[in-house]
Amino acid sequence: MRHLLTILLTLVTTISITAKDFTVVIDAGHGGKDPGAISANKKIYEKNVTLAVALMVGESIQEKHPEVKVLYTRKTDKFVGLNDRARMANKANADLFISIHTNAANNRSAKGAETYTLGVEEERTEKNLDIAKRENGVI
């Protein structure tokens, strides 16, 4: 979690925001009935990690850029459907949507961060769709 938090906080501190009415929607992945990835010892749930990171990132944005409007798709352990998450961002006319996940890997030595953007490269559309299906299998 430290690596993810460090990366996100570094991103937040280097963002140069010039728009007066800039809105960020922070999405803590999973939640409620959807635990996301679960540790081998069944003590760590992705939904709890993503919520903690989302709240820290939001606080950091507000500290560094008080002019930015920060909204969350969830601030507690509740289930929010994928369509509802998108609806929230669209309704807020968000300039930036950050969806936080802490994926699991079969390779126990895997470390680092992944960044996905949908629809940027045409040849990756199928891969992006597969990732979206996996991440949102609960729906």
For this session: Heads up, I need the accessible area for TYR45: 1.4 angstrom probe, whole protein in place, Å², nearest 10.
Result: 80
Exercise. Length gain on complete extension for the stretch ALA40 to ALA110, per 0.36 nm per residue less the alpha carbon to alpha carbon distance?
Worked result: 23.7 nm
Seminar exercise, completed: Under a 1.4 Å probe, counting only protein heavy atoms, LYS42 has an accessible area in Å², nearest 10, of 140
For this session: Past 21 Å, Cα to Cα, is the threshold; run LYS75/LYS111; LYS43/LYS78; LYS47/LYS78 against it and keep the listed order.
Result: LYS75/LYS111
Exercise. Excluding VAL70 itself, what net charge comes from residues whose Cβ is under 13 Å from its Cβ, given Lys and Arg +1 and Asp and Glu -1?
Worked result: -3
Exercise. How would HIS65, HIS101 rank on accessible area, largest to smallest, probe 1.4 Å?
Worked result: HIS101, HIS65
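Suppose R0 equals 35 Å. What FRET efficiency, 1/(1 + (r/R0)^6) with r the Cβ-Cβ distance, do ASP21 and ASN103 give to the nearest 0.05?
Working from the Cβ atoms, E equals 0.60.
The values are calculated or read from the model by the stated rules, or taken from the named source; none is laboratory data. Remember, it's a predicted structure, so these values are computed and weren't measured experimentally. Cβ coordinates were reconstructed from backbone atoms using ideal geometry, including for glycine residues, and neighbour counts include every protein chain displayed. Each accessible area value is taken on the protein alone, full model and side chains, heavy atoms only, with ligands, DNA and RNA left out. Shrake-Rupley method; radii C 1.70, N 1.55, O 1.52, S 1.80 Å.
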